[in-house]
Amino acid sequence: MGVDQRIVIIGGGVIGLTQAYDLARQGAQVTVIDQRSTGLGASSVNAGWVVPAEAAPVPAPGVIVQSMKWMLHRDSPLYIKPSLAPNHVRFMLGMWRRSNARDFRAGLAAQLALASGTMEILDEYSADGVEFEMHADGLLLAYLSPDKLHHHAEHLDIPASFGLEADILEGDAVRDREPTLTDAVSGGIYFPTERHLDPTSLVAGLRKRCESLGVTFIEDARVTSVERRGDRVTAVRTDSSGIAVDAVILAAGAWSGFASAMFGTSLPVRAGKGYAIDCAPPPVALRTMVNLSDAKVAVTPLDTKVRLAGTMEFGPHDESVNDVRIAAILRAPAQYFRGWPAEPAHVVAGAGMRPMTPDGLPIIGLLPGLGNAYVSTGHGMMGVTLAPGSARAISTFILTGRQPRELLPFDARRFARRAA
């Protein structure tokens with residue numbers, strides 16, 4: 001296949017933008033269509049972590065019991081809106097079936113393989129003129145509970161097999177790494193090679209560089225249908241125009257499940273709402289990003305602010321901000337950091353819809369029954385970490401016709417159902 005292909009990407013989030021950039025650099029004629037502006041939602045409302053070592057699927061051992069406890073509290077890290085809708089029940093049962101050690105370890109290994117070149121690719125972005133804020137100071141997981149630390153340590157052999165060794169820090173050793181931590185923190189796990197970035201700057205930098213490479217952006221446009229001839233998509237139609245294609249990529253994030261019906265299939269992608277809160281100026285000075293592991297809150301120090309991110313809400317596609325959950329996130333750091341104020345000044349909160357799948361793994365590859373329609377979605381809370389590797393792999397697939405081995409665990413056929 002030639003590199004001058006006409007390729008349409010449906011979705012302008014971090015997955016779609018990294019994909020557009022990768023293909024355009026290799027000479028493809030790329031058009032990105034988004035139902036609103038690019039880079040919004042979960043693509044900018046996230047922790048900004050680039051953490052292959054923590055690229056674990058959401059379904060995990062013990063998550064069923066823990067989720068049942070959390071559902072009793074409105075401000076807990078997890079909320080599942082009760083529903084008897086068949087798709088919802090099927091999704092949740094699928095997630096709970098995957099909450100075992102075997103599937104968890106296999107999923108972590110698969111995502112680690114996909115993310116194995118992430119840091120090098122990000123460095124390539126920077127060298128090529130993609131402008132964004134990035135820091136390489138490692139990741140610290142902080143624990144109030146020694147039991148939870150030791151439980152997490154049971155799975156450190158998997159990232160270690162990919163060269164991502166961790167330091168287990170107990171007692172004051174964790175405060176030697178991050179002096180701001182309180183005495184209530186019993187220990188931590190430190191990964192020295194992980195990074196963090198400002199996700200808003202990343203999507204803005206990708207957009208700008210894509211434009212310089214000739215990528216066409218069609219915003220505030222809804223894709224209404226696709227035209228097919230046999231097993232190939234020949235055109236993508238919006239509410240105002242039609243675009244002839246040689247290939248198309250569905251990368252519509254949490255909306256991918258709805259959009260997949262246009263391609264004759266039904267992908268089980270559901271929305272998991274997450275929040276990000278920016279505190280500026282930073283309430284405390286941190287050396288690196290910190291996972292408040294017991295509270296499930298991610299803390300990201302950036303140049304002009306500290307970002308807090310957390311919670312998971314399974315419910316409708318709704319980006320409104322719940323003040324109860326925002327208050328819970330803002331309370332969490334006080335147990336972990338010395339000097340964290342009871343009410344940080346100048347906070348800005350937002351919500352985004354993460355695309356979730358029943359097994360916690362993304363869906364990447366050819367759409368079932370089609371020869372030139374691809375999908376890249378379902379990255380959950382790992383979108384920033386997995387986007388560069390996903391884009392590189394799909395580009396290889398499209399431009400060479402060969403499916404990269406690292407995509408096999410993410411094949412869409414594992415969920416294939418005909419659209420209603």
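The values are calculated or read from the model by the stated rules, or taken from the named source; none is laboratory data. A quick note: this is a predicted structure, and the numbers were derived from the prediction, not measured. With ideal geometry, Cβ positions are generated from the backbone for all residues, glycine too; neighbour counts draw on all protein chains shown.
Values for this structure:
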item	result
Near pairs, Cβ below 8 angstrom, 6+ apart or cross-chain, from the stretch 127-139 (assigned to a strand (DSSP E or B)) to any residue that is of a type in the set (D, E, K, R)	Met134/Arg195; Met134/Asp198; His135/Arg195; Leu139/Glu54; Leu139/Glu194
Filtered residues of the stretch 341-366 (kept if closer than 19 Å to Ser256 by Cα, in contact with a helix residue (DSSP H, G or I) (Cβ under 8 Å, 6 or more places away or on another chain) and not in a loop (DSSP other than H, G, I, E, B))	Gly352, Met353, Arg354, Pro355, Met356, Ile363, Ile364, Gly365, Leu366
Members of the stretch 158-195 that are among the acidic types (Asp, Glu), over 22 Å from the mean Cα position of the chain (by Cα) and either over 20 Å from Leu386 (Cα atoms) or buried (at least 16 other Cβ atoms within 10 Å of the Cβ) (or both)	Asp167, Glu170, Asp172, Asp176, Glu178, Asp183
Qualifying residue in the stretch 54-69 (condition: charged (D, E, K, R) and modelled with pLDDT under 70)	yes
Close pairs (6 angstrom Cβ cut-off, 6 or more residues apart or separate chains): part of a strand (DSSP E or B) in the stretch 233-244, exposed (fewer than 15 other Cβ atoms within 10 Å of the Cβ) and not polar (S, T, N, Q) anywhere	Thr234/Glu227; Ala235/Glu227; Ala235/Gly242; Ala235/Ala244
Residue under evaluation Asn291, criteria (1) polar (S, T, N, Q); (2) touching a strand residue (DSSP E or B) at 6+ places or on another chain (Cβ under 7 Å); (3) not in a strand (DSSP E or B), criterion not met	(3)
The one condition in (1) closer than 30 Å to Val89 by Cα; (2) touching a Phe, Trp or Tyr at 6+ places or on another chain (Cβ under 6 Å) that Leu292 fails to fulfil	(1)
Residues satisfying the stated conditions in the stretch 1-42, i.e. touching a strand residue (DSSP E or B) at 6+ places or on another chain (Cβ under 7 Å), under 17 Å from Arg209 (Cα atoms) and assigned to a helix (DSSP H, G or I)	Ile15, Gly16, Gln19, Ala20, Leu23, Ala24
Test: residue in the stretch 326-340 that is buried (at least 20 other Cβ atoms within 10 Å of the Cβ), in a strand (DSSP E or B) and modelled with pLDDT of 95 or more	yes
The stretch 252-291, residues that are in contact with a Lys or Arg (Cβ under 9 Å, 6 or more places away or on another chain), surrounded by 21 or more Cβ atoms within 10 Å (Cβ to Cβ) and closer than 20 Å to Glu54 by Cβ	Gly272, Gly274, Tyr275, Ala276, Thr288, Met289
One residue from Leu370, Leu308 being outside any strand (DSSP E or B), in contact with a strand residue (DSSP E or B) (Cβ under 8 Å, 6 or more places away or on another chain) and touching a residue at least 12 places away in the same chain (Cβ under 8 Å)	Leu370
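To keep it simple, each residue is scored yes or no on (1) within 21 Å of Gly11 (Cβ to Cβ); (2) in the same structural domain as Thr385 (by TED's automatic domain parsing); (3) in contact (Cβ under 8 Å) with a residue 40 or more places away in the chain.
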position: Leu144; (1), (2), (3): no, no, yes
position: Ile158; (1), (2), (3): no, no, yes
position: Phe162; (1), (2), (3): no, no, yes
position: Arg177; (1), (2), (3): no, no, yes
position: Ile189; (1), (2), (3): no, no, yes
position: Cys210; (1), (2), (3): yes, yes, yes
position: Thr224; (1), (2), (3): yes, yes, no
